[in-house]
Amino acid sequence: MTLAARFDPAPRGLQGVLAAPADKSVSHRAAILGAACEGTLEITNYLRAADTDATLDAVRALGAGVELDGSEVTICGVGLRGAREPAGVIDVRNSGTLLRLLPGWLAGQEGRHFTLDGDDSIRRRPIDRIAEPLRAMGAQIEADRLPPFTVHGVALHGATYAMPVASAQVKSCILLAGLLADGETTVIEPQPSRDHTERMWLRAGVTVIRKGSRITVSPSSLASIDRVVVPGDPSSAAFWVAAATLVAGSHVIVEGVGANWTRNGFVQIARRMGASVAGEIEAAGSPLIADDPVTTLEIRAAGLHGTTVEADEVPLAIDELPLVALLGAFAEGETVVRGAQELRVKETDRIATVVGGLEALGAQIEATADGFVVTGTGGLRGGAISSHGDHRLAMLGAIAGLASRHGVEVDGIEAAHVSYPAFTADLARLAT
Ligand code: S3P
């Protein structure tokens, strides 16, 4: 059963101050780190949402202790080589990040076997991209191209792997396996992608060296760290950046947003299009540090002009590219996104679902093999859109509704719970 919700134009604009919800990527990584450590890790501001709850269940199934007090999560780890073989299949539900990261840890659990599966969307998401590099490290992965699949834990050896596409999930998987391997492991990225795993490893005392596009990790135990504080999620904050930019008369402040440069491509793209977004983002190419800096974003409505997003910018804004399409519909001139074929293997084929969805709302948008081209018409008529079970599409539809002339009905709004359970409540607060 899906839920439908209507989002009408906000005549007085969006107003108010809100805290960005906790970062999904950092939360997944913190839970896995906690499980792989010896001792207890407290996670402050853990994202309590469907995707990251799946990670807590997974690490529980692997033997870690998990205590919950709202967004305060305490994990009692099993140690780097101590994952228990679970009684059944590990269900990652809708989480591609869990699907890709966890096998890196499991591949080195000698003599134990793990089968991973998930929902219908997960069963369409390729896992050869992790199976191939893990096999190069000696891993035994029983898999076709798609889940379910089984990891047979064995002794691993280090390797150097040049990733054909920039993917932080694949990079993180290899770096996790690298901790258990004998010898160094190096990942070469075609473009920089989010570096939360590297930062967290640094905090846990692991030697991680980034030299240009090469990231090298040495086999290591994880130092016990007491606490990880999860910053606000730039990908969730991006919905308010877009909404406050597009809805006339808006003034919105989003506090506690992670300012890591590898996550903030969208703010830079929006600024380039003319958006008024104040707030300090880490400079591009900044050296690796152990924690994500945090910032406050202050957004006021502004007129936009089109831009071109090329392949090197894509990984820095991968989950926000649907919002670039939305901004493009309101901008003067053409907005082009290229080199983003990865969008085709997200929770949905996001080139097809974003182009189809926005077209139905009145946008002039065309799909290309690796992105889209939007011709701005100064606004959107409105209408109906389906989330297709994809959280980011559900929230895109809602924001489109606020900025449209006649409102938007979103079928499947409940998908927002995957990453942002308080989304509609926050929206109602800003729109009144
Ligand atoms: C993520 C990396 C990205 C992103 C996903 C989360 C992560 O995927 O789309 O939502 O936490 O590492 P890819 O690295 O596969 O592009």
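The values are calculated or read from the model by the stated rules, or taken from the named source; none is laboratory data. For clarity, every value in this text was computed on a predicted model and none was experimentally measured. FYI the Cβ positions are ideal-geometry reconstructions off the backbone, even for glycines, and counts take in every protein chain you see. The accessibility values were calculated without ligands, DNA or RNA, using every heavy atom of the protein model including side chains. Shrake-Rupley method; radii C 1.70, N 1.55, O 1.52, S 1.80 Å.
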Per q in 0.17 1/Å, what log10 I(q)/I(0) does a Debye calculation on the alpha-carbon atoms of region 1-100 return?
-0.77
Ignoring solvent entirely, what values of log10 I(q)/I(0) come out of the Debye formula for region 175-273 at 0.10, 0.14, 0.22, 0.25 Å⁻¹ when each Cα is a single scatterer?
-0.40, -0.68, -1.12, -1.29
Give me the percent of DSSP beta bridges within the chain that run antiparallel, rounded to the nearest 5.
70 percent
Rank-order 398-405, 288-295, 107-114, 6-13 by packing density, defined as the average count of other C-beta atoms within 10 Å over each peptide's residues, highest first.
398-405, 107-114, 288-295, 6-13
Go through 334-346, 214-226, 244-256 and give me the packing order, highest mean Cβ count within 10 Å leading.
244-256, 334-346, 214-226
When the chain is fully extended, how far beyond the present Cα-Cα distance does Ala278 get from Lys211, taking 0.36 nm per residue of separation?
21.0 nm
The answer for the net charge of residues other than Leu101 whose Cβ lies under 11 angstrom from its Cβ, with Lys and Arg +1 and Asp and Glu -1, is +3
So if the hydrodynamic radius of region 316-378 is defined as the Kirkwood radius over C-alpha pairs, what does Stokes-Einstein give as its diffusion coefficient at 4 °C and 1.567 mPa s, in µm² per second?
115 µm²/s
Over 14 Å, how big is the tail of the calculated P(r) for region 166-219, in percent of all Cα pairs?
44 percent
Can you give the three extents of the C-alpha atoms in region 345-400 along their principal axes, from longest to shortest, in whole Å?
29, 25, 13
Three principal axis extents, largest first, for the C-alpha atoms of the chain, in Å?
60, 44, 43
When the chain is fully extended, how far beyond the present Cα-Cα distance does Arg81 get from Asp120, taking 0.36 nm per residue of separation?
10.9 nm
Dividing the mean separation of Cα pairs under 8 Å (6+ apart) by the residue count of region 7-117 yields a relative contact order in percent of 26 percent
Accessible surface, the chain, averaged per residue in Å² (probe 1.4 Å):
35 Å²
Relative contact order (percent) for region 143-209, with alpha-carbon contacts under 8 angstrom and 6 or more residues of separation?
32 percent
Taking Cα pairs closer than 8 Å and at least 6 residues apart, the relative contact order of the chain in percent is 18 percent
Give me the percent of accessible area attributable to carbon and sulfur for the chain, probe 1.4 angstrom.
50 percent
Work out how much length Ser221 to Glu110 would gain on full extension: take 0.36 nm times their residue separation and subtract the Cα-Cα distance, in nm to one decimal.
38.4 nm
Reachable lysines from Lys346, Cα under 16 Å, same-chain residues fewer than 8 places away excluded?
Lys24
The alpha-carbon center of region 1-76 and that of region 193-262 are separated, in whole Å, by 14 Å
Once the Cα atoms of helix 50-61 and of the chain are each reduced to a long axis, what angle between those two axes, in degrees from 0 to 90 to the nearest 10, is obtained?
10 degrees
How much net charge surrounds Thr375 when only the other residues with a Cβ under 13 Å from the Cβ of Thr375 are counted, with Lys and Arg +1 and Asp and Glu -1?
-4
